[in-house]
Amino acid sequence: MPTAMRMFAAVVPPVEAIEHLDEFLEPRRSAAPFRWASSEQLHVTLAFLARVEERRLDDLAERLARAAARRTAFETAITGGGAFPNVGRARVLWAGLDLDEAARAQLDRLATGCRAAAARAGIEVDGQRFRPHLTVARVGHSTELTSWVRLLDGYAGPRWSVDRVTLVASYLGEGPRGRPRYEEVGEFELGG
């Protein structure tokens, strides 16, 4: 294991939800030369941790477990979509989550708790504003993606329960076709 790892804390949808989205996207993937995310890469990043020293891992895990235990499980579904930074000059195509006000508040607090847990463990956290999404494709250069966002706007997957946070190590370039390889390091159940 290297002395510092690239990691993230995430909500990972269940296999059934990922398979449903994958079945929706599969016949459409050949229509665009995007770098499509594989099904094992689909997740909602709560906290991105570019450099986690091995000596901080146990403390991070304990703090993430406490942060998760403070939150209550809630229902959601993968639905809709969008593009970053915007539809007209997109570099990322994403699917969204169906969140009522209470679920959105729980997810926001969960992300804040995960980021705080990492910071308290002495790990630098990416400070970008939390915007829950699952990256489904990356685009090589800024591209207009209105038709793709409209397509995703018509998608609604099965409902599932967000009941845990997963800590994942990301090894750049070690996956198929030079993509990152993800390794689950720990799972932390939500309380209540």
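Every number in this text was worked out from the coordinates using simple rules, so none of it is lab data. Here the structure is a predicted model, which is why all the values come from computation and not from measurement. Ideal geometry is used to build each Cβ from the backbone, glycine not excepted, and the neighbour counts take in all protein chains shown.
Looking at the chain, the pairs of alpha carbons with a distance over 22 Å make up 48% of the total.
Within the chain, DSSP assigns beta bridges of which about 95% are antiparallel (rounded to the nearest 5). Residues whose amide H falls under 5 Å from that of L190, counting only those 5 or more places apart or on a different chain, are R164, V165, with hydrogens built in the peptide plane. With a Förster radius of 41 Å applied to the beta-carbon distance between R104 and E62, the computed FRET efficiency rounds to 0.90. What the phi angles of the range 67-81 give under the Karplus curve with 6.51, -1.76 and 1.60, with θ = phi - 60°, is a coupling list of 4, 5, 5, 7, 10, 9, 4, 8, 8, 7, 8, 6, 7, x, x Hz, glycine and proline written as x. Across the range 5-15, coupling constants 3J(HN,Hα) worked out from phi with the 6.51/-1.76/1.60 Karplus curve, θ = phi - 60°, read 10, 8, 9, 8, 9, 8, 9, 10, x, x, 3 Hz, and Gly and Pro carry x. Karplus-derived 3J(HN,Hα) values for the range 85-94, using 6.51 cos²θ - 1.76 cosθ + 1.60 with θ = phi - 60°, are x, 7, 5, x, 9, 6, 10, 9, 9, 9 Hz; glycine and proline are entered as x.
Working from label points 7 Å from Cα in the Cα-to-Cβ sense, the R131 to R70 distance is 2.6 nm.
Among T72, T45, the order by Cβ neighbours within 10 angstrom, fewest to most, reads T72, T45. Taking all Cα-Cα distances within the range 43-133, those exceeding 21 Å account for 40%.
In this structure, the amide hydrogen of E53, modeled 1.01 Å from its nitrogen in the peptide plane, lies closer than 5 angstrom to those of M5, counting only residues at least 5 positions away or on a different chain. The stretch between V15 and S38 holds 7.0 nm of extra length on full extension. This uses 0.36 nm per residue minus the Cα-Cα distance. What the Cβ-Cβ distance of R138 and E23 gives, at R0 = 22 Å and to the nearest 0.05, is a FRET efficiency of 0.60. For G81, the amide hydrogen comes within under 5 Å of the amide hydrogens of G96, D153, counting only partners 5 or more places away or on other chains and with H modelled in the peptide plane.
So what's the angle, to the nearest 10 degrees on a 0 to 90 scale, between helix 101-120 and the longest Cα principal axis of the chain? Taking the Cα atoms of the chain, the angle to 101-120 is about 50 degrees.
By other beta-carbon atoms within 10 Å, ranking Y155, Y171 with the fewest at the front produces Y171, Y155.
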